[in-house]
Amino acid sequence: MNRLYLGWGVGSLGTITMINSVAALYLFFLVSVIGLDPVLAGTLIFVSKLMDVISDPLMGWISDRTNTRWGRRRPYMAGASILCGLSMGLLFTLPDIGSSTMLAGWILALLLVYTLALTAFNVPYLAMPAEMTNDYHERSRIMAYRAFFLVSGSFMGTAGSGLLLNAWGRDASAYASVGWILGGVVFFAMLASALGTHGARQTRYEPVSIPVSNQVRLVLLNRPFLILGSIKALQFLQLASTTTVTLFFFTAVYGLAEELLFPFGAAMTVGSIVGLKMWLAILARTDKRTMFVMALLMNTIGFLSWLAADAGDPLWMLVLRAGYLGLCAGGIIMCSQSMITDVIDYDRRLSGINREGVFSATFSFIEKTTYALGPLIIGLLLAMFGYDASIPRGQPQPPGARLAVMLGMVWIPVACTIGQLVMLRAYQLDEQTLTSAGRHSLGQQ
């Protein structure tokens, strides 16, 4: 076990706990517990992510230009860990404000703090793997650590939360307690990553006098980056849709709510972890794009299987579906994350400039913005098709609400998968292409 890769990977436990718990719980919390209108709740979550248009590129620019004895990225990661932990607890601890307008304003302010804190950690964090190694295959092994902690964090933010909420009453105070527990996990995981990456290989910022127009041209020359950015947008939209709608799915289809998160999340986690060695073995015999296509096709079968789900299904069927989806997710995460570091390395070979932070900021922005689209889209669908928040949890919703839920659980993910498969046909960055990439003459148009 590589100490540095483990130290870096544990940071993903913090980032995915922040992202997934808000995606899985927050819209449901605001609508079904606090009583906010679904469209308003989804809009607040989405609007807060517009801050990333400014904050993500700025954070990437700042971290790229930082040189300290602790490295370019680690000081920001350590400082942000405190703000990230606090913001998680505060999001679920809402004051008793009589005015719905004031409450919406307070929620938006908390979401903005949450967004900025996550940016301050995530952008420098995602830039590190491209600095840690130049080896094409070693990046996949680094991302296996990330995949492990991503699925563990997903379990923490969904399954673990569901178990605690069910035990503590599923009211506002229960959500507040869970929020502070998640905040503690986020803080310790992020701080451990900042400390655990001491001694990791890093690049240094060297000032360059290259016209901005030429730097932009070099980004546009990085065709794999443009393609992969579009693929990641669809991938995260798919994840955001299913993560946001899962609790509503359990309510509308199975007639249950938070208590199902534990067996569902546990099965997904086990499936993902068990599958990591399988995917690494497959990757040793094929290229990343081929493996990515394989995992996406398998994942589509899992999505379509939800069409047969019914309240009378035995628990083992839910667990089997979740385990299978987790197995697919492990391969998708490991492969796509490794491809991100490839396109960043490709840019460095093309330009001769160390600007990992700029590219990691772009992918971070894509991730968080499309994740925020999930609550917005699901909120709009629920409102359009008649979801009634006044109906007690566990009681059947109108048929239209079930249709809205199935759109988010099945058809949006399937459409996103088809889009990814189409775009992957144009993605040509393999080990040979990366190795042969030469440095462009920056002084010529």
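What the table below lists for this structure:
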quantity	calculated
Rh by Kirkwood over Cα pairs, then Stokes-Einstein D for segment 354-405 at 0.692 mPa s and 37 °C, µm²/s	247 µm²/s
Label-to-label distance, nm, for residues given as Ile391 and Ile54 (7 Å Cα→Cβ offset)	4.2 nm
Positive-end extreme of charge dipole, the chain - chosen from Leu325, Phe46, Gly14 (charges on Cβ)	Gly14
Cα pair count fraction exceeding 42 Å, expressed as % - the chain	12 percent
For the chain, calculated [θ]222 nm from helices alone, where every DSSP H run of n ≥ 4 adds -39500 (n - 2.57)	-24000 deg cm²/dmol
Dipole in debye (nearest 20) - segment 303-426, about Cα centre, beta carbon charges: Lys, Arg +1; Asp, Glu -1	100 debye
Helix axis angle, 412-424 relative to the chain longest principal axis, alpha carbon, degrees	10 degrees
Student exercise, the chain dipole from Lys, Arg, Asp, Glu Cβ charges, in Debye to nearest 20	1180 debye
Gyration tensor (alpha-carbon) shape descriptor, segment 88-189, a/c threshold 1.5	oblate
Helix axis angle, 138-154 relative to the chain longest principal axis, alpha carbon, degrees	20 degrees
Cβ-placed point charges (K, R +1; D, E -1), dipole of segment 31-168 about Cα centre in debye, nearest 20	460 debye
Compactness of segment 40-118, expressed as Rg and Dmax over alpha-carbon positions, Å	15.2, 50
HN-Hα J in Hz across segment 326-332 - Karplus 6.51, -1.76, 1.60, θ = phi - 60°, x for Gly and Pro	x, 4, 5, 4, x, x, 5
Cα-based helix-to-principal-axis angle, 288-305 vs the chain, degrees rounded to 10	10 degrees
Fully extended contour minus Cα-Cα distance, from Met278 to Val47, at 0.36 nm per residue	79.2 nm
Spin-label proximity, Ser305 to segment 321-335 - amide N less than 16 Å from point 7 Å beyond Cα toward beta carbon	321-332
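Just so you know, all these numbers are worked out from the coordinates, no wet-lab data involved. Just so it is clear, the model here is predicted, and its values are computed rather than measured. No Cβ is skipped: glycine too gets one built from the backbone with ideal geometry, and neighbour counts run over all protein chains shown.
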